[in-house]
Amino acid sequence: MSKFTTQRNFGFGKQMDWAGHQALKDIYGRGHFGTVASHAQRWRQFCHWARSIHGINDACAIDQSLLESYAADLAERVEDETLAVSYAQNLIVSANITLEAMRQDKTIRIESPASYVGKRQTVRTKIPDGMDWSEIDRLVACLSAKNLHRQPSSSCCAAVSEYDSARQSSPTLPTGNVRQENMGRLISGKAPRVAAARRSNAG
């Protein structure tokens, strides 16, 4: 029995974007608020596309050809470099998941988002920011000279752990206090530990 007094959008509500959000909350239940919010935000983009291009505001009217048309449109935007491959894939996945939640089946879906918009680029093409050891050396020397031992410790921990420069400056590095306690002694003029850290990182 429908929760709402309508048969539109498989009984989840009159507006397609809102109805999709309700369906997502149904399948994820309590918790997963971030996941639900992310899918709902991307689902709204699909709804806007369906309404503005095809005049559709009822998920009951969505068929496989419409979803494939959406994927093809995203592929064009990727080709024009106005949309990242990863985000285009996420948009398709969210459309898949939300339609599954609303329909309670998997009959309408894009099985392989990558076949439309391409594969994600997962190979790093440049060294991460903050991994230049000569810069780390200069930073450690400068801060140690000013008796600022916590800051160079953070920089070394971040460099060895392959955190980028944006994260190095954060006071909430994962297990930062533990790492600094374990590695902080390398700041007190004990060069062999710095060398050991480099060797460990290189290995």
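Mind grabbing the base-10 log of I(q)/I(0) for region 1-80 at q = 0.20, 0.25 Å⁻¹? Debye formula, identical points on the C-alpha positions, no solvent, two decimal places. Here the Debye-derived log intensity ratios amount to -0.94, -1.21.
THR82 sits with roughly 100 Å² accessible to a 1.4 Å probe, with DNA, RNA and ligands left out of the calculation. Taking all protein chains together and rolling a 1.4 Å probe, SER69 ends up with roughly 50 Å² accessible.
A compact globular protein would have a Cα radius of gyration near 2.2 N^0.38 Å; the ratio found for region 65-105 is 1.23.
For VAL85, the solvent-accessible surface computed with a 1.4 Å probe is close to 40 Å², ligands and nucleic acids excluded.
At 4 °C and a viscosity of 1.567 mPa s, what translational diffusion coefficient does Stokes-Einstein give for region 53-125, taking Rh as the Kirkwood radius over Cα pairs? Give it in µm²/s as a whole number. Taking Rh from Cα pairs, D becomes 100 µm²/s. Between ALA141 and ARG103, the modelled label-to-label distance comes to 6.5 nm, taking each label 7 Å out from Cα in the direction of the beta carbon.
When a 1.4 Å probe is rolled over the protein heavy atoms, the share of accessible surface on region 11-82 that falls to carbon and sulfur comes to 48 percent.
Please go through region 1-87 and write out the trypsin sites (Lys or Arg not before Pro) that DSSP classes as loop and that have at most 15 other C-beta atoms within 10 Å. Numbers along the way, then the final one.
Working: sites: LYS3, ARG8, LYS14, LYS25, ARG30, ARG42, ARG44, ARG51, ARG77; in loops: LYS3, LYS14, ARG30.
Qualifying residues, ordered by number: LYS3, LYS14, ARG30.
The values are calculated or read from the model by the stated rules, or taken from the named source; none is laboratory data. The shown structure was predicted, so the numbers you read here are calculated from the model rather than taken from an experiment. Every residue, glycine as well, gets a Cβ built from its backbone with ideal geometry; the counts of neighbours run over all protein chains shown. We work out accessible area using only protein heavy atoms, side chains counted, and drop any ligands, DNA or RNA first. Shrake-Rupley method; radii C 1.70, N 1.55, O 1.52, S 1.80 Å.
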